[in-house]
Amino acid sequence: MSVDSRDASKLWGGRFEDGPSEVFERFSGSLHFDRKLFQADILGSQAYARALAQVGILTEDEAQTISHALERIPEDDAATADDEDIHTYVIRHLKELTGELADKIHTGRSRNEQVSLDTRLWLRGEIDGALGLLDRLMEALLDSAEAHPDAVIPGYTHMRRAQPVTWAHYLLAYVEMFTRDRERLLQAKARVNVMPLGSGALAGSGFPVDRQALARELGFDSVTANSMDVAADRDWALDFLYAAAVTMLHLSRLAEDWILYSSEEFGWLELGDGVTSGSSLMPQKKNPDSLELIRGKCGRVFGDLTAVFVTLKGLPMTYNRDLQEDKEPLFDASAQLTASLEMAALVVRTSRLKPAAPRAAAEDGWLVATDLAEELARRGVPFHQAHQLVGRLVLESVKSGKKPGDWTGEALAEFDARFQPEMVRLMNPSEGMKTRTAAGGTAPETVRQALDAARKRLESML
Ligand code: ARG
C-alpha cells in the first residue's frame, strides 16, 4: 500500500513516512468489536455536522449533504472491513460518498471525545434495555408470590433450618434487591448521560460549538465540565459495570437457591422443561443449566468490572490507548446482564412451586422453637430462661424422635409448668409467624401489604 493511499484512509497519515506494520494494525485495530458503536457514531457525527454549520465551518447545505450521506453508510460492511476503528470506518465511507467535504467533519473534533460520546450513547440504550428486563423479572417474582399467598417455607441461616417464612416473603427479598439494582442502574445512567463533545482531544474545542444544543439534540441531560476529564474519564463505565455486577450477584444467588430448591433433596420446585437440559448419558437427568449459567456468568461480569478497574489504574492524564480496552468488558458485561435477566425471568415464569414439600420441611425441624420462646416471653418468662426451656424441649424431642406436631398441650404443660396447654398451636409453623407484624416481617398480612406496595411501585415504574 502506498503512503498516499494510506494517508487517505487514515485520519493521521501526514506526519508519517512509513505506514504501520501489518502486525501493529492487527494488534491495535478495534473495528471487530467497536462496530457495535456504529449507530451512535452516525448520530453523533450528524449532530456535529450541524454544530459545525452553526459556527460557519460548513454551510447549511454541506451539513445536510454530510448528514444524508451518513445515513447511507452501510453497517454490515464493518463486519469485514479492515479500518482501524468504527470512527475511521465511518469517515472512510463518508469520504467515498461526499469526497473532500468529509475532510471537514473532524474540525475541532477528536476521536478521544468521539469514543466517549459513542460509548455513552450506546450504553444509555443498553441500560434502558436492562431496566425493562429487570422489571419483567420483578413482575414474574410478584406473580409467583401472589399465586401462593399461604405457602410456607423454611427460612435458613447457615444453611440450617431457622424460622418459617412465607414463600411470598422470600420472593419479596429478591424484589428488594432488584429494586436497588434498578436504582443503581438509573444512577449509572445519570453519570453516563453527560455530553462530552466539544472537548477536543484534551484541551477543549477551538471552535465555539454550541455544546448545550448538541446535548439537547442527542438527548443528554447536561454537558461535561472539563475537557481533560473527558479524555481521561471512564468512571461512567465503571458505574455501569458495578451496577451490572451487583445485579448479576443477585441473579447468581437466586440461581443458587433455585438450583437447591429444585434438587431431589429439596423437591420444592419443578423447573420448566424449557429451561433445563438432559444428560447425554444418564436418561433420568433434568439439569438446571439455565441457572448454573447465570451463576457462571456472574463471575464473568465481576471479571469485566475488574478488567476496567485495572486498566484505569495508573493511567497518566489524559487519553491513553489503553482506554480502548474498556470496550470489550463493557460490551460483554452488558450482553451477559441482558441475557441473564431474560433467562431468569423465564425460569421464574416456568417454574412450579410444590408447596407441600417446603411445608413438610417447615413442620419437620424445630423451626417453631423461636415462636415458643417468644410466646413464653410475652407471658412474662424472661427471654433467656424461655430460650433455655425451649432448648431443653428441643433436645428432649430430638432424643426421643418427637416432631413438633407430636406434642399435645397436656404433654407440653407436663414437660414444664411455664408452658400453657394452648401454646401447642405454635407447633404449627403458620401460627407463630402471625406475630411478626413489625414492618418488613413475615406475618402473612404484613407480607400482603408489602406485596401490594411492591406491585404498585413496579407499576409506577413501568
Ligand atoms: N479506538 C479508540 C478507542 O477506543 C478511539 C480513540 C482513538 N484515539 C486516539 N488518540 N488514538 O479508544
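Taken about its Cα centre, region 348-453 carries a charge dipole of roughly 440 debye when the Cβ of each Lys and Arg holds +1 and the Cβ of each Asp and Glu holds -1. The angle separating the long axis of helix 327-350 from the principal Cα axis of greatest extent in the chain is about 40 degrees. Scaling against 2.2 N^0.38 Å puts the C-alpha radius of gyration of region 120-276 at 1.46.
Annotation for region 346-438: trypsin sites (Lys or Arg not before Pro) lying in DSSP loop with at most 12 further Cβ atoms inside 10 Å of their Cβ are Arg379. Simple spin-label estimate for Ser263 and Ala79 gives 4.3 nm between the two label positions (7 Å along the Cα-to-Cβ direction from each Cα). In square angstrom, rounded to the nearest 10, how much accessible surface does Ile73 have for a 1.4 Å probe? My reading of the accessible area for Ile73 is about 10 Å².
Please get the size of the charge dipole for the chain, origin at its Cα centre, with Cβ charges of +1 on Lys and Arg and -1 on Asp and Glu, quoted in debye to the nearest 20. Display every interim value, and only then the final one.
Working: 53 positive and 71 negative charges, 347 e Å.
For this selection, approximately 1660 debye.
Placing pseudo-labels 7 Å out from each Cα toward the beta carbon at Gln388 and Lys402 gives an inter-label distance of 2.0 nm. Scanning the chain for chymotrypsin sites (Phe, Trp or Tyr not before Pro) lying in DSSP loops with no more than 13 further Cβ atoms inside 10 Å, the longest uninterrupted stretch between such sites is 17-462. Ratio of Rg to Rh for region 138-213: 1.42 [Cα atoms; Kirkwood radius as inverse mean 1/r over pairs]. The angle separating the long axis of helix 235-261 from the principal Cα axis of greatest extent in the chain is about 30 degrees.
Multiplying the residue separation of Ala377 and Asp18 by 0.36 nm and removing their Cα-Cα distance gives an extension gain of 120.5 nm.
Pairs of Cα atoms in region 121-162 fall into 5 Å distance bins, from 0 up to the last occupied one, in shares of 5, 18, 12, 12, 15, 13, 10, 8, 5, 1 percent.
Placing +1 at every Lys and Arg Cβ and -1 at every Asp and Glu Cβ, with all other atoms neutral, what dipole size does region 47-102 have around its Cα centre, in debye to the nearest 20?
On the way: 4 positive and 13 negative charges, 51 e Å.
Computed charge dipole of region 47-102: roughly 240 debye.
With the simple spin-label model, which puts each label point 7 Å out from Cα in the Cβ direction, the Met317 to Gln449 separation comes to 5.4 nm. Would you mind checking region 391-406 for residues with the amide N under 19 Å from a putative spin-label position 7 Å along Cα→C-beta of Arg418? Within reach of a label on Arg418: 391-398. Rounded to the nearest 10 degrees, the angle from helix 60-72 to the longest Cα principal axis of the chain is 50 degrees. In a fully extended conformation the segment linking Ala411 and Leu281 would gain 41.4 nm over its present Cα-Cα distance, using 0.36 nm per residue. With a Cα-only, solvent-free Debye model of region 321-381, what are the log10 I(q)/I(0) values at q = 0.20, 0.22 Å⁻¹? Values returned for q = 0.20, 0.22 Å⁻¹ are -0.87, -0.92. Does region 206-359 classify as rounded, prolate or oblate by the C-alpha gyration tensor (a ≥ b ≥ c root eigenvalues; a/c under 1.5 gives rounded; else a/b over b/c gives prolate, otherwise oblate)? Note, shape of region 206-359 comes out prolate.
Between the beta carbons of Met159 and Leu186, assuming R0 = 35 Å, the FRET efficiency works out to 0.55 to the nearest 0.05.
Using just the Cα positions, wrap region 57-141 in a convex hull and report its mean projected area in square nanometres, one decimal place.
Details: hull surface 31.4 nm².
Mean shadow area of the hull around the Cα atoms is 7.8 nm².
Can you check how the C-alpha radius of gyration of region 207-280 compares to 2.2 N^0.38 Å, as a plain ratio? Intermediate results must be reported in sequence, preceding the final value.
Values: Rg = 23.3 Å, N = 74, 2.2 N^0.38 = 11.3 Å.
That works out to 2.06 for region 207-280.
Per atom type, the chain shows carbon and sulfur on 52% of its accessible surface, probed at 1.4 Å.
Taking every pair of Cα atoms in region 317-426, average 1/r, invert it to obtain the Kirkwood radius, and report Rg/Rh to two decimals.
Working: Rg = 26.6 Å, Rh = 18.6 Å.
Expressed as Rg/Rh, it is 1.43.
Normalised per residue, the accessible area of region 100-213 is 38 Å², obtained with a 1.4 Å probe and no contribution from ligands, DNA or RNA.
Dividing the convex hull volume of the alpha carbon atoms of region 407-462 by its residue count, what do you get in Å³ per residue?
On the way: hull volume 3.9 nm³, N = 56.
Dividing the Cα hull volume of region 407-462 by its residue count gives 69 Å³.
Ranking Ile86, Thr65, Leu43 by Cα position along the charge dipole of region 1-94, where only Lys, Arg, Asp and Glu carry charges on their C-beta atoms, puts Leu43 farthest toward the positive end.
Near the amide H of Gly155, within less than 5 Å, lie the amide hydrogens of Ala162, Gln163, Val165, all on another chain or at least 5 residues away, with H placed in the peptide plane.
Out of all DSSP beta bridges in the chain, what portion is antiparallel? Express it as a percent rounded to 5. Walk me through the numbers before you get to the answer.
Details: 9 of 11 bridges.
Once the DSSP bridges in the chain are tallied, antiparallel ones form about 80 percent.
Taking GluC sites (Glu not before Pro) as exposed when their DSSP state is a loop state and no more than 14 other Cβ atoms lie within 10 Å, the longest site-free interval of the chain runs over 266-462.
Over the C-alpha trace of region 1-122, radius of gyration and Dmax come out as 14.2, 42 angstrom.
For region 69-119, the set of trypsin sites (Lys or Arg not before Pro) satisfying both a DSSP loop assignment and a count of at most 13 other C-beta atoms within 10 Å is empty. Annotation: amide H-H contacts under 5 Å for Asn287 (H modelled 1.01 Å from N, sequence separation of 5 or more, or interchain): Ser277, Gly278.
Amide H to amide H, with H built 1.01 Å from N, Val223 comes under 5 Å of Met195, counting only residues 5 or more places away or on other chains.
Could I get the Rg over Rh figure for the chain? Both from C-alpha atoms, Rh via Kirkwood, rounded to two places. Taking Rg over the Kirkwood Rh, I get 1.16.
So, for region 238-356, what is the accessible surface per residue at a probe of 1.4 Å, expressed in square angstrom?
Numbers: 5620 Å² over 119 residues.
Value returned for region 238-356: 47 Å² of accessible area per residue.
The values are calculated or read from the model by the stated rules, or taken from the named source; none is laboratory data. Just so it is clear, the model here is predicted, and its values are computed rather than measured. In this analysis, Cβ positions are derived from the backbone assuming ideal geometry, glycine residues included, and neighbour counts consider all displayed protein chains. Just so you know, the surface numbers come from the protein's heavy atoms only, side chains and all, with ligands and any DNA or RNA stripped out. Shrake-Rupley method; radii C 1.70, N 1.55, O 1.52, S 1.80 Å.
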